[in-house]
Amino acid sequence: MKEFFERQISFSLFKIVLTIAITIAVFSYGVIKYYSLNKNLTHTKEQFETTSQNLQSDIKKLETHLASTTTENIFLNDFLTVLKTRNTDYKNEIEDINLTVSKLKKLTSTDPELLQKYSKIYFLNENYIPEELSLIDTSFLFRKEKPEQIHSKVKPFLEMLMLAARADGIDISVVSGYRSFGTQSTLKSQYSVLYGTNGANRFSADQGYSEHQLGTTVDFTTKKNGVMFVGFDKSPAYSWLNENAHRFGFTLSYPASNKYYIFEPWHWRFVGVEFATKLHDENKHFNEQAERDINAYLIKLFD
């Protein structure tokens with residue numbers, strides 16, 4: 001029995017010692033681990049502080065670079081704006097130059113004679129012939145058997161006028177178009193024989209002074225008024241022309257009380273839509289205008 005108790009005591013002591021040993025070992029491990037972790041933490045903190053300082057330094061460098069880059073970008077953007085503006089200015093200048101060149105080319109290719117005044121004042125050279133003439137469609141002629149010509153660039157305007165008049169129910173035809181210097185001379189001689197020199201001078205131009213030689217002038221008539229134009233000024237055709245001819249570039253050359261010839265309500269000259277419209281709207285007439293003012297419309301003659 002005694003031995004049993006001794007063994008029990010010895011076993012209990014062993015357990016106590018073992019427990020103390022384990023406790024000491026665990027505590028020692030904990031202490032070692034603590035110091036190890038604390039050392040690592042300290043090292044990590046040092047690394048963090050170093051990294052943080054480095055990052056702060058990098059951030060400051062980046063901020064400085066960004067500020068410099070921003071300033072440079074602003075400068076570059078302003079410079080780009082200046083270049084764009086300059087490029088636009090150059091483009092506009094080039095367009096203006098091209099437009100001017102185009103206008104000059106157009107002006108030099110347009111016959112200046114076409115807007116000159118000739119009625120008993122300015123002489124048209126006997127060798128003058130329009131650059132190009134075209135036959136007027138026979139459907140628009142009063143005398144189908146007698147061909148009549150018109151300046152080729154005026155022809156479309158005349159045709160539009162004739163079609164518009166007929167669409168409005170107006171009886172109107174062309175009795176005379178282009179006349180050469182020689183034709184006008186012959187015609188004037190015939191009139192002089194029939195009506196005497198003084199009588200012929202009242203309604204017929206001498207050769208070289210006739211607007212018909214330009215190829216831009218036509219005489220209109222109707223079935224009722226015929227080639228003598230009797231009563232044409234009272235006709236619906238004349239009223240229609242007064243109201244609408246300007247829309248197609250035609251204007252009355254010799255209105256009532258003009259200082260050159262008798263009133264010729266049948267005699268209409270092409271001067272361009274813009275100029276004819278101006279004359280119509282202001283109730284003015286071609287031969288009353290100063291030549292310098294007339295010439296301003298030469299470049300727009302066939303627009």
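The values are calculated or read from the model by the stated rules, or taken from the named source; none is laboratory data. Predicted model, so just to flag it, every value in this text is computed and none were measured. Please note: Cβ atoms are built from the backbone with ideal geometry, for glycine as well, and neighbour counts cover all protein chains shown.
Under the condition of being crowded, with 18+ Cβ neighbours inside 10 Å and in a loop (DSSP other than H, G, I, E, B), the residues counted in the range 290-303 number 2. For the range 273-283, the count of residues that are part of a loop (DSSP other than H, G, I, E, B) and either basic (K, R) or buried (at least 20 other Cβ atoms within 10 Å of the Cβ) (or both) is zero. When every residue of the range 178-195 is checked against the conditions, none turns out to be surrounded by 15 or more Cβ atoms within 10 Å (Cβ to Cβ), modelled with pLDDT of 95 or more, in the same structural domain as N225 (by TED's automatic domain parsing) and among the polar types (S, T, N, Q). Inspection of the range 243-257 identifies no residue that is under 17 Å from L141 (Cα atoms), part of a helix (DSSP H, G or I) and in contact with a Ser or Thr (Cβ under 8 Å, 6 or more places away or on another chain). Looking across Y260, Y238, one residue alone is in the same structural domain as R179 (by TED's automatic domain parsing) and more than 29 Å from G182 (Cα to Cα). It is Y238. Scanning the range 132-170 for residues that are in a loop (DSSP other than H, G, I, E, B), touching a residue at least 60 places away in the same chain (Cβ under 8 Å) and small (G, A, S) yields nothing. Counting only residues that are under 30 Å from the mean Cα position of the chain (by Cα) and not charged (D, E, K, R), the range 241-288 holds 17 of them.
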